[in-house]
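Here's the structure, in structure tokens; my notes come after.
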Amino acid sequence: MAELRDIVVRPILTEKSSAAQEATNTYAFEVGLGASKFQIKQAIERLFDVEVSSVRTVRVRGKTKRFGRYHGKRSNWKKAYVQLAEGNTIDLRDESQAG
């Protein structure tokens, strides 16, 4: 199995993901492009000691950007929406920013 940090890159903390956490107990993570749903489920369960009920993934295409006369493209990346079983939660707050 791949390293856990290669599967789960970082949590995505936005207003939309925060609303999903409160409404449906669903968390968003940036994951590796080659990570499968099964690998993501195992990694989240091992990292946070929770029970995962479902995983949905989406490939996010990188935007084409222009810097003056130069054209470039941001990298493609993969996002996973992980729904936890009833009664499980993950604390994603940054400990250095916590009051």
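Quickly run through segment 1-15 and pick out the residues that are more than 13 Å from the chain's Cα centre (by Cα) and either surrounded by 13 or more Cβ atoms within 10 Å (Cβ to Cβ) or in a helix (DSSP H, G or I) (or both).
Within segment 1-15, just 15 meets the criteria.
Filter the strands (runs of 3 or more DSSP E) completely within segment 21-85 down to those with at least 1 residues that are surrounded by 17 or more Cβ atoms within 10 Å (Cβ to Cβ) and either at pLDDT below 95 or not basic (Lys, Arg) (or both).
26-31, 52-60, 77-84
Out of (1) touching a residue at least 40 places away in the same chain (Cβ under 8 Å); (2) under 12 Å from residue 80 (Cβ atoms), the odd one out for residue 10 is which?
Condition (1) is where residue 10 drops out.
Got a number for residues in segment 65-83 being over 18 Å from residue 35 (Cβ atoms) and of a type outside the set (Ser, Thr, Tyr)?
Within segment 65-83, residues that are over 18 Å from residue 35 (Cβ atoms) and of a type outside the set (Ser, Thr, Tyr) number 9.
The values are calculated or read from the model by the stated rules, or taken from the named source; none is laboratory data. What you see is a predicted model; the values in this text were computed from it and never measured. Virtual Cβ from ideal backbone geometry, glycine too; neighbours counted across all protein chains shown.
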